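Colleague: This is the structure I have questions about; it appears just below.
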Amino acid sequence: MLMNLELPGDDHPIRQQIRTWLKDHENYTNEDLALGGWVAPHWPKPWGHDLSPIDQLVAEDEMKRQGIRKPSNQIGIGWAGPTIMTAGTTEQKDRYLFKLLSAEEIWCQLFSEPDAGSDLASLRTSAVLDGDYFIINGQKIWTSFGHVANFGILLARTNNNVPKHQGISYFICPMDTPGITVTPIIDMSGNHSFNQVFFDNVAIPKENLVGELNNGWSLAKVTLQNERVSLSTGGALWGLGPTAEDLIDLIKMAYLSGSSSVRSALLRDRIAKVYIEGQILKWLTLRQVTSAIKGAQPGPESSVRKAIGDEHGQTLFELAKDLSGTLGMLADAGPIKNADKVESFTAGWHYGYAFSRALTIGGGTSEVQRNIIAERFFNLPKEPDLSK
Ligand SMILES: Cc1cc2nc3c(=O)[nH]c(=O)nc-3n(C[C@H](O)[C@H](O)[C@H](O)COP(=O)(O)OP(=O)(O)OC[C@H]3O[C@@H](n4cnc5c(N)ncnc54)[C@H](O)[C@@H]3O)c2cc1C
């Protein structure tokens, strides 16, 4: 089994290539990184270096070592880009891919609606072809980055007279098109990260259709599988934030600050469980990498990682709070406050605790992941579609 992830050392050609590139680009910009192919090095040329998954790991490791900071455009780079690469026209690839890689243009995802979340295919936002434009009417919700995005990947209904999965199309939506209204939703962490988006006779050029008319559902699945992979790696907050290993620092802080809870046998039992879970999740990630090395597309195994990882995230942050004893009831006090500076996670344990409630909902709820696991791994019967 390909599970030995002892990464190749200093003389590996990818490491050397990155160091040489860095010498030539000491004051690199996001655009330099995108044009150099280092934002998504596994993408095909000219956007990436067509790296194998293992070389990609080496590249990521070397960039981390060199302190290279990549542009941030989660939905653009993680989900819109791969879908446009799979099904976009040459013009669409030329127009959008470099600018999303460099984060010059930020993207959002216009999928969920008030009555279409888990059952996304029930979406009702409509797109009607009128001359050279599709006219969009409807409403989207929970649109992360909608207030800052230049473009959105939009799912809309283009045929009402066929089974629901067969009448959906996939569009690129410029967010400054007249008729689009974005209103904020403030989440329980106090942040404005998502929005409602209203479409009132919004005219989108017909060349913004991605793939074939009415074939949007199969592209949505490409996007969602990439979303589940990217939401299920690394730290406990969808790839960001601390891991169970960072909890060790917190335990030390709690101990030093005299928190009595750290001595509780019950809490120590929970610490051990969370730590073990964290190790299991690491192995599941390696299994995903192994299957990617064999050339497999992201599949239902990403649902396993997501279902376990999201609940693990909530347990981890609950434990962090409990370790602080009574001070944990406050937003910014106790050992949690002092241990805030986990690498790559400056938002803090308290923010993580509040945000972690969203983990088991966004990107497909835990119940939905379990349905996928039941059907795809255990061949259990599909649940009845009551909406027909
Ligand atoms: C932080 C965050 C960011 C998000 N960002 C975006 C974004 O950028 N773009 C976007 O389009 N959407 C986004 N979403 C929306 C997200 O994809 C939906 O919230 C999610 O798909 C669930 O849909 P829903 O909220 O309508 O819940 P519902 O589908 O109404 O579910 C309600 C409850 O019923 C359960 N349930 C539903 N169907 C089943 C079933 N078949 N079997 C068992 N249980 C079921 C669910 O598990 C859940 O507990 C985001 C959500 C969060 C939390």
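The values are calculated or read from the model by the stated rules, or taken from the named source; none is laboratory data. Please read these numbers as outputs of a predicted model, since none were measured by experiment. Note: ideal-geometry Cβ built from the backbone for every residue, glycine included; neighbour counts use all protein chains shown. Note: areas computed on protein heavy atoms with side chains; ligands, DNA, RNA excluded. Shrake-Rupley method; radii C 1.70, N 1.55, O 1.52, S 1.80 Å.
Colleague: Condition test on Leu123, is it under 30 Å from Asp385 (Cβ atoms) and within 16 Å of the ligand (Cβ to nearest atom)? Give the steps one after another, and end with the answer.
Modeller: Values: under 30 Å from Asp385 (Cβ atoms): yes; within 16 Å of the ligand (Cβ to nearest atom): yes.
When the stated conditions are applied, Leu123 passes them.
Colleague: Still on this structure, I have one more. What number of residues within the range 135-182 are more than 16 Å from the ligand (Cβ to nearest atom), over 25 Å from the mean Cα position of the chain (by Cα) and among the charged types (D, E, K, R)? Break it down into steps so the answer makes sense when it comes.
Modeller: The initial filter retains those residues of the range 135-182 that are more than 16 Å from the ligand (Cβ to nearest atom), namely 135, 137, 158-163, 166-167, 174, 176-179, 181.
Now restrict to residues that are over 25 Å from the mean Cα position of the chain (by Cα): 135, 137, 158-163, 166-167, 177-179.
When the remaining residues are screened for being among the charged types (D, E, K, R), the result is none.
Going through the range 135-182 one residue at a time, the tally reaches 0.
Colleague: Residues that are open to solvent by 40 Å² or more (accessible area, probe 1.4 Å) and outside the structural domain of Gly363 (by TED's automatic domain parsing): list the strands (runs of 3 or more DSSP E) wholly contained in the range 120-195 that include at least 2 such residues.
Modeller: Because the criterion is at least 2 residues that are open to solvent by 40 Å² or more (accessible area, probe 1.4 Å) and outside the structural domain of Gly363 (by TED's automatic domain parsing), the strands (runs of 3 or more DSSP E) in the range 120-195 that meet it are 126-130, 133-141, 180-186.
Colleague: Please find, within the range 351-360, the residue that is nearest to the ligand (Cβ to nearest atom) out of those that are over 13 Å from Gly309 (Cα atoms) and either open to solvent by 20 Å² or more (accessible area, probe 1.4 Å) or touching a Lys or Arg at 6+ places or on another chain (Cβ under 7 Å) (or both). Working first, answer last.
Modeller: Initial filter on the range 351-360 (over 13 Å from Gly309 (Cα atoms)): 351-355.
Those still in the list that are either open to solvent by 20 Å² or more (accessible area, probe 1.4 Å) or touching a Lys or Arg at 6+ places or on another chain (Cβ under 7 Å) (or both) too: 351, 353, 355.
On the way: Tyr351: 13, Tyr353: 14, Phe355: 7 Å.
Within the range 351-360, the match that is nearest to the ligand (Cβ to nearest atom) is Phe355.
Colleague: Anything in the range 31-42 that is part of a helix (DSSP H, G or I) and either more than 19 Å from Pro82 (Cα to Cα) or open to solvent by 10 Å² or more (accessible area, probe 1.4 Å) (or both)? List them, or say none.
Modeller: Of the range 31-42, the ones part of a helix (DSSP H, G or I) are 31-35.
Result: Glu31, Asp32, Leu35.
Colleague: Among the residues of the range 109-119, what is the count of those that are assigned to a strand (DSSP E or B) and without any contact (Cβ under 8 Å) to a residue 24 or more places away in the chain?
Modeller: Qualifying residue count for the region: 1.
Colleague: In this structure, does Ser102 turn out to be among the polar types (S, T, N, Q), closer than 24 Å to Val39 by Cα and in contact (Cβ under 8 Å) with a residue 24 or more places away in the chain? Spell out how you get there, then give the answer.
Modeller: Details: among the polar types (S, T, N, Q): yes; closer than 24 Å to Val39 by Cα: yes; in contact (Cβ under 8 Å) with a residue 24 or more places away in the chain: yes.
Criteria met by Ser102.
Colleague: Here is a further query. For the range 257-267, give me each residue that is at pLDDT 75 or above and part of a helix (DSSP H, G or I).
Modeller: Result: Arg263, Ala265, Leu266, Leu267.
Colleague: Collect the residues in the range 361-384 that are near the ligand (Cβ under 8 Å from one of its atoms) and in the same structural domain as Asp322 (by TED's automatic domain parsing), keeping them in residue-number order.
Modeller: Taking the range 361-384 as the starting set, the residues that turn out to be near the ligand (Cβ under 8 Å from one of its atoms) are 361-368, 370-371, 383.
If the condition is that a residue be near the ligand (Cβ under 8 Å from one of its atoms) and in the same structural domain as Asp322 (by TED's automatic domain parsing), then Ile361, Gly362, Gly363, Gly364, Thr365, Ser366, Glu367, Val368, Arg370, Asn371 are the ones that fit.
Colleague: Only one of Ser72, Ser52 is within 16 Å of the ligand (Cβ to nearest atom), within 24 Å of Gln17 (Cα to Cα) and of a type in the set (S, T, N, Q). Can you tell me which?
Modeller: On the way: Ser52 fails: within 16 Å of the ligand (Cβ to nearest atom).
Only one candidate qualifies: Ser72.
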